[in-house]
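What follows is a set of notes on a single structure, which appears directly below.
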């Protein structure tokens with residue numbers, strides 16, 4: 001249930017066709033940004049949060065937080081589960097530990113999601129500066 005405008009969810013990440021096609025244009029392209037700086041949310045969860053599609057949401061885990069564009073999931077129902085395509089924005093909030101297998105766990109991360117208000121989505125450059133604390 002919603003708590004002060006937020007919702008506890010499970011984060012799942014993975015590849016999408018749009019992300020793969022956009023990657024061919026380059027990771028600094030607008031098409032890539034628009035394909036990975038998004039969060040697919042169950043339509044009922046959007047209602048619980050009071051968030052309209054294509055507005056920004058703030059997603060946080062114990063590993064970090066990002067602002068993303070909320071998109072209505074076409075694969076509903078999946079209450080309390082969000083999906084973020086592989087990319088720098090997903091990487092910023094999943095556990096970086098690979099447990100010696102070379103790939104971090106990208107499925108099943110506990111997260112919290114809430115409306116982001118006027119907070120914008122960071123560009124790739126801004127996100128990388130934030131993640132690596134370079135000025």
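All of the numbers you see were taken from the coordinates with simple rules; none came from a lab. Remember, predicted model here, so these are calculated numbers, not experimental data. Counting neighbours? That spans all protein chains shown, and the Cβs are built from the backbone with ideal geometry, glycine included.
For residue 123 paired with residue 65, estimate the spin-label separation in nm (one decimal), with each label point 7 Å from Cα along the Cα-to-Cβ line.
Distance between the two pseudo-spin positions: 2.4 nm.
Give me the extension gain from residue 55 to residue 132: residue separation times 0.36 nm, minus the current Cα-Cα distance, reported in nm with one decimal.
On the way: separation 77, 0.36 × 77 = 27.72 nm, distance 2.67 nm.
Between residue 55 and residue 132, full extension yields an extra 25.0 nm.
Per DSSP H run of at least 4 residues, take -39500 (n - 2.57); add these up for the chain, divide by its residues and hand me the 222 nm value, nearest 500 deg cm²/dmol. Don't jump to the answer; show the numbers that get you there.
On the way: 5 runs with 36 residues, N = 135.
That comes out to -7000 deg cm²/dmol.
Measure out, as a whole number of angstrom, how far apart the alpha-carbon centroids of the range 23-50 and the range 80-98 sit.
When both Cα centres are located, 12 Å separates them.
Any idea what the relative contact order of the chain is, in percent, if you count C-alpha pairs under 8 Å spaced at least 6 apart? Before the final figure, lay out the partial values.
Values: 262 pairs, mean separation 46.5, N = 135.
Relative contact order comes out at 34 percent.
Evaluated at 20 °C with a viscosity of 1.002 mPa s, what Stokes-Einstein diffusion coefficient in µm²/s does the chain have when Rh comes from the Kirkwood expression over alpha-carbon pairs?
The diffusion coefficient I find is 143 µm²/s.
How many percent of DSSP beta bridges within the chain run antiparallel, rounded to 5? It would help to have the intermediate numbers written out before the result.
On the way: 19 of 28 bridges.
In the chain, approximately 70 percent of DSSP beta bridges are antiparallel ones.
Report the residue, chosen from 109, 28, 55, that carries the largest GNM mean-square fluctuation when the chain is represented by alpha-carbon nodes joined by springs under 10 Å.
Ranking 109, 28, 55 by mean-square fluctuation puts 28 first.
How far, in nm, would the chain grow between residue 30 and residue 76 when pulled straight, counting 0.36 nm per residue and subtracting the alpha carbon separation? If you can, show how the numbers build up before the last one.
On the way: separation 46, 0.36 × 46 = 16.56 nm, distance 2.71 nm.
Once the chain is fully extended between residue 30 and residue 76, it gains 13.8 nm.
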